[in-house]
1. Which one of the conditions (1) within 12 Å of chain B (Cβ to nearest Cβ); (2) closer than 26 Å to residue B:66 by Cα; (3) within 16 Å of DNA strand D (Cβ to nearest atom) does residue A:199 fail to meet, given that it meets all the rest?
2. Could you look through the stretch B:199-231, keep only residues that are touching a Phe, Trp or Tyr at 6+ places or on another chain (Cβ under 9 Å) and part of a loop (DSSP other than H, G, I, E, B), and pick out the one that is nearest to DNA strand C (Cβ to nearest atom)?
3. Does residue B:149 meet the test of being out of contact with any strand residue (DSSP E or B) (no Cβ under 8 Å at 6 or more places or on another chain), under 23 Å from residue B:73 (Cα atoms), within 15 Å of DNA strand C (Cβ to nearest atom) and not acidic (Asp, Glu)?
4. Could you list, in sequence order, all residues of the stretch A:169-182 that are away from DNA strand D (no atom under 11 Å from the Cβ) and within 15 Å of the chain's Cα centre (by Cα)?
5. Keeping to the stretch B:153-198, report how many residues are assigned to a helix (DSSP H, G or I), near DNA strand C (Cβ under 9 Å from one of its atoms) and buried (at least 20 other Cβ atoms within 10 Å of the Cβ).
6. Within 16 Å of DNA strand D (Cβ to nearest atom) and not in a loop (DSSP other than H, G, I, E, B): does that describe residue B:143?
7. When only residues in the stretch B:28-50 that are in contact (Cβ under 8 Å) with a residue 60 or more places away in the chain and within 21 Å of residue B:100 (Cβ to Cβ) count, which is surrounded by the fewest Cβ atoms within 10 Å (Cβ to Cβ)?
8. If the requirement is being touching a Lys or Arg at 6+ places or on another chain (Cβ under 9 Å), over 30 Å from residue A:65 (Cα atoms) and more than 14 Å from chain A (Cβ to nearest Cβ), which of these qualifies: B:166, B:81?
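The values are calculated or read from the model by the stated rules, or taken from the named source; none is laboratory data. Given the structure is predicted, the values throughout are model-derived calculations rather than measurements. Cβ: placed from backbone, ideal geometry, glycine included. Neighbour counts: every protein chain shown.
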Number of protein chains: 2
Amino acid sequence: MDDISLAEPQDVMNVQSLAPWDGLDRKNLTALLTAAEIIRAKRGDDIGADVAILFYGALGVERSLFDGRRVLVTLFHGGDLLDLRREERQRQGRLVSLADSLLLSLDGDALDQAIEECPNLGLSLSQKAADQSGRQRDHIADLAAKTPLERLASVLFEFRRWPDVLALDPGGESLRMPILRKDIADYLGMKPETISRALKRLQSAGLIATIREEANRIRFLDLPSMRRLANGAGLPKR
Amino acid sequence: MDDISLAEPQDVMNVQSLAPWDGLDRKNLTALLTAAEIIRAKRGDDIGADVAILFYGALGVERSLFDGRRVLVTLFHGGDLLDLRREERQRQGRLVSLADSLLLSLDGDALDQAIEECPNLGLSLSQKAADQSGRQRDHIADLAAKTPLERLASVLFEFRRWPDVLALDPGGESLRMPILRKDIADYLGMKPETISRALKRLQSAGLIATIREEANRIRFLDLPSMRRLANGAGLPKR
DNA sequence: GGCTATTCTTGCTGCAGATCAATGCTGCAC
DNA sequence: GTGCAGCATTGATCTGCAGCAAGAATAGCC
């Protein structure tokens, strides 16, 4: 595996805090890392791996319909462990990068082996899996019941929880959009135009503000109202 | 646990074909079943269990927003093993019955124990889990990208795969709607009226027909077109 | 059998978001 | 610096689903 110290400063922080191999003994760790490979990807790249740790960036499972409609079924962010072995590969899903990303592709068998020998590892991974599954259900609820405005508020909170997004903005007072409008739209089942208009509505409702110096960053002005909105309570009346 | 032979004929079929305990040794099986409980539920009932085997019927994970909007996040059918321990209970999800259902509530710890001692069991359960996760992703794709008509076609196929639905209609030429319009609507993010109208459109397009003798049953007239529609290819032009 | 409650269907209207099209903005290459 | 490509925004129009409400069908019950 490449020397990970080649990575940028933020990589190192993430690598150390996110790698799930604490407690692995030397033998298993070596086996796991021997078959591992560091991958750098930029938006649009297809990711071949089906077991990987994502350090920073954003990946998505993408599906396309005949007529070009595209869905982003799931989003992954820094700290996620992906295991798509029995899930997506057979179906029509593809794993693509949605931003500049750094990931470590692992060998599935080696990981299984390591899990078997280290129950802690297995536990922390199944924790992550349950978390991802929970996120999927949240997403279903968003898509099925919420208005576009509420969906947008919901996804903004989702971004705010991403460790690598948070790292660039401790405190979570503002947010740099980690992926394109188009990708947000395909994730939320709407159109980029609608995202744009919805952001504007949030702005004129006083919930967020744009930042002069840095386009593509928003500042939260009223997190409680945002949360209510994201949970389906509509805009505060005024 | 109750004597399972008290159940109706179809129960027995399902119990035998669906129970996942083949290969469990006597000790584990006993432990598993001692803490188990047969539950009969009808539509609207709240299910308290969070680990269970569903023999027949339909359950759903339901969430409600402030203003009464309701979502059915996931559907379970005969043959499913539910494990909501770390997933839904903490969030705002409730498990409810959507039809007359028969299920076996299990003790989570006993199941974990059994899995540990019987790798086959664990494998078959993680298979089921992966299957359910795949269904969730399909559902996300439906909600995000497809038209109401396509979503309906898609859910009809989903129903057709349910073992207990199939059992009442070998060959899958027709389909008895296993849940109410309202519940289909809440699952697909639409309104019951729209379901009704969409069914009518499928009918006038020649894809399905109603059956005189039995309301609430539809017959498939053109499965290939249905499948294309469900996959997002639109209605066949004519 | 007839009664009631629930579910399903159908008609009509309004509006939110898709669509189409044009313009503005940002970052990058040269 | 200039030019270009990709992305984001804004505007105008159109369509399809939601919303509401009335009626039909169905199931359950005495």
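1. Failed condition: (1).
2. Only one residue fits best here, namely B:207.
3. Numbers: out of contact with any strand residue (DSSP E or B) (no Cβ under 8 Å at 6 or more places or on another chain): yes; under 23 Å from residue B:73 (Cα atoms): yes; within 15 Å of DNA strand C (Cβ to nearest atom): yes; not acidic (Asp, Glu): yes.
Taking the combined requirement at face value, the residue satisfies it.
4. Looking only at the stretch A:169-182, we keep the residues that are away from DNA strand D (no atom under 11 Å from the Cβ), and these are A:169-176.
Selection gives A:175, A:176.
5. Let us first name the residues in the stretch B:153-198 that are assigned to a helix (DSSP H, G or I), namely B:153-161, B:163-167, B:181-188, B:192-198.
Those left that are additionally near DNA strand C (Cβ under 9 Å from one of its atoms): B:181-185, B:192-197.
Among the residues that remain, those that are also buried (at least 20 other Cβ atoms within 10 Å of the Cβ) are: B:183-185, B:195.
Residues flagged as assigned to a helix (DSSP H, G or I), near DNA strand C (Cβ under 9 Å from one of its atoms) and buried (at least 20 other Cβ atoms within 10 Å of the Cβ) within the stretch B:153-198 amount to 4.
6. Numbers: within 16 Å of DNA strand D (Cβ to nearest atom): yes; not in a loop (DSSP other than H, G, I, E, B): yes.
Considered against the rule, which asks whether it is within 16 Å of DNA strand D (Cβ to nearest atom) and not in a loop (DSSP other than H, G, I, E, B), residue B:143 comes out as yes.
7. The initial filter retains those residues of the stretch B:28-50 that are in contact (Cβ under 8 Å) with a residue 60 or more places away in the chain, namely B:28-29, B:31-32, B:34-41, B:43.
Next cut, within 21 Å of residue B:100 (Cβ to Cβ) only: B:36-41, B:43.
Values: B:36: 20, B:37: 15, B:38: 17, B:39: 18, B:40: 13, B:41: 21, B:43: 15.
Looking at the filtered set, the residue picked out is B:40.
8. Working: B:166 fails: over 30 Å from residue A:65 (Cα atoms).
Answer to the selection: B:81.
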